[in-house]
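> Have a look at this one before I ask anything.
Bear in mind that the values in this text are calculations on the coordinates, not laboratory data. Source: prediction; values computed, not measured. Every residue, glycine among them, receives a Cβ derived from its backbone with ideal geometry; neighbour counts consider all protein chains shown.
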Amino acid sequence: MNHLRKFALLTCLYACQGLPYGFFTQTLPVIMRERNASLTQIGLAYLLLLPWAGKFLWAPLVDEYGSTRIGRRKTWLFATQFLAVCLLVALGFFGDLDADGDYRILFFVFVGLNFLAATQDIATDGIAVNLLDDSERGIGNGIQVAGYRLGMIIGGGFLLWQFSFFGWRGSFYFMAALLTAATLPLLFWREPAPRPQVDTSHFWSIFTNLWRQPGFPAWLALIAFFKVGEAMSTAMLSPYFKDQGMEISQIGVLMGSYGFIGGLIGSLTGGFLVVGLGRIRAVVLLGLLQAGGVSLYVAMAYGWLPESSTPWLIAVEHGTSGMVTTALFTVMMDVCQRETASSDYTLQASAVVIATGAAKAISGSVADQWGYQTNFILALCLCVVGVLWFAVHAPRLLDPQGRLKSN
């Protein structure tokens, strides 16, 4: 399979995951704020992302079960995509879900959507680990992050911009149509038969395969903390703009154009920098750039920068976030073993989601009680601590190729 076909397939699959996630994390908070929801309520709504945090619990099932004729992971992809489309169509059928300020139906269905998207992510990550050669992983992860951000910006910035036109019903039908279209390339890809070199006949052996490696628990803690600060800053970004008097369409343009372009360029650039700088050095240097991006939000909240610079702040921060995310995901992929790739990568990704999800949930309370400025300052401090901790401990755990030294 040539490079172009590999990257196109991964772009579509990762965009599918970003689409509902973008709607939930970017569009919904603004609409809730407009309906007078408190920042604490908006922050706690991020707890509905819990399926992403717990997906490691069923990841071994994706490694072990599935049709060998269709493809083990391909089976899971078709099933989850079909069910996700059905749920989005069902949401569209209900129409204006927040007419009385009651989001219970929406939240309940989004838990289901997050469960399906998280399961799709398990299968996609396993495919990516096996599909990409070591030399392709830097650029491949840039494509991965860019594809995810593409879906996230369409589900977030674009639909936020066009929400007055689409409304609830049209937004969900639109996402269902895009998910269907993005699944089509999967029809033309044949998944190779698995060649297990470890015991994959028992759920627990897959679940604990990577965890038993010396140094892995310490590595897990390292990557879990690394993105906490950035998550805390971005969780309150859309509500902040809303409270500054911006219209929903204006916020949509900010996130959907400047945010998307910055994130796309950053993700692709990060892929090339990983190759040139090396895994660990790239994560540290790009992590410092990300901290610089978050510091711009601090300056914005204190009014130290002109209002006209806001779009460029969004572009810069999204760009630095895209770069370091690509670098970090590349190292996480290197740590995986091919035979249990879905479980290995998912265990790491879940640790990151648990930590960042907790940070997002807490950010609402911090902003409510002490203001946006305090939230952004605390986020910046956590970014710096995360980078320094990684810089000190990662070289002790990983070899120059980014693999655990115990392997």
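> Quick one: longest stretch of the chain between exposed loop trypsin sites (Lys or Arg not before Pro), exposed meaning at most 14 other C-beta atoms within 10 Å and loop per DSSP?
Longest run free of exposed loop sites: 213-404.
> If you don't mind, another one. At 0.36 nm per residue, minus the direct Cα-Cα distance, what do Gln250 and Ala218 gain on full extension? Give it in nm, one decimal, please.
Extra length from Gln250 to Ala218 when fully extended: 7.2 nm.
> Here's another thing I want to ask about it. With a point put 7 Å past each Cα toward its Cβ, work out how far Ile261 is from Ser164 in nm, to one decimal.
Between Ile261 and Ser164, the label points sit 2.3 nm apart.
> Counting alpha carbon pairs within less than 8 Å and at least 6 residues apart, what relative contact order, in whole percent, applies to the chain? If you can, show how the numbers build up before the last one.
Details: 700 pairs, mean separation 120.7, N = 407.
Answer for the chain is 30 percent.
> Hey, another quick one. Starting from 0 in steps of 20 Å, tell me what percent of the Cα-Cα pairs of the chain lands in each bin.
It works out to 29, 60, 11, 0, in whole percents.
> Express the Stokes-Einstein translational diffusion coefficient of segment 1-140 in µm² s⁻¹, to the nearest whole number, given a Kirkwood radius over alpha-carbon pairs, 37 °C and a viscosity of 0.692 mPa s.
After rounding, the answer is 197 µm²/s.
> Exceeding 25 Å between C-alpha atoms, which entries from my cross-link table qualify? They are Lys242/Lys360; Lys55/Lys242; Lys74/Lys405; Lys55/Lys227.
Flagged as over cut-off: Lys55/Lys242; Lys74/Lys405.
> Using the beta-carbon distance between Val275 and Arg396 and R0 = 22 Å, what value does 1/(1 + (r/R0)^6) give for FRET efficiency, to the nearest 0.05?
With a Förster radius of 22 Å, E is 0.40.
> Rounded to whole Hz and in sequence order, give me ³J(HN,Hα) for segment 73-85 from the Karplus expression 6.51 cos²θ - 1.76 cosθ + 1.60, θ = phi - 60°, writing x for Gly and Pro.
Along segment 73-85, the couplings run 7, 4, 4, 5, 5, 4, 5, 5, 5, 4, 5, 5, 4 Hz.
> May I ask you to compute the full-extension gain from Ser38 to Val89, defined as 0.36 nm times their residue separation minus their alpha-carbon distance, rounded to one decimal in nm?
15.5 nm is the gain from fully extending Ser38 to Val89.
> Between Leu305 and Gln369, what FRET efficiency follows from the Cβ-Cβ distance if R0 is 30 Å, with the result rounded to 0.05?
Once the sixth-power term is evaluated, E becomes 0.75.
> Stokes-Einstein D for segment 305-407 at 25 °C, 0.890 mPa s, Kirkwood Rh over Cα pairs, in µm²/s?
152 µm²/s
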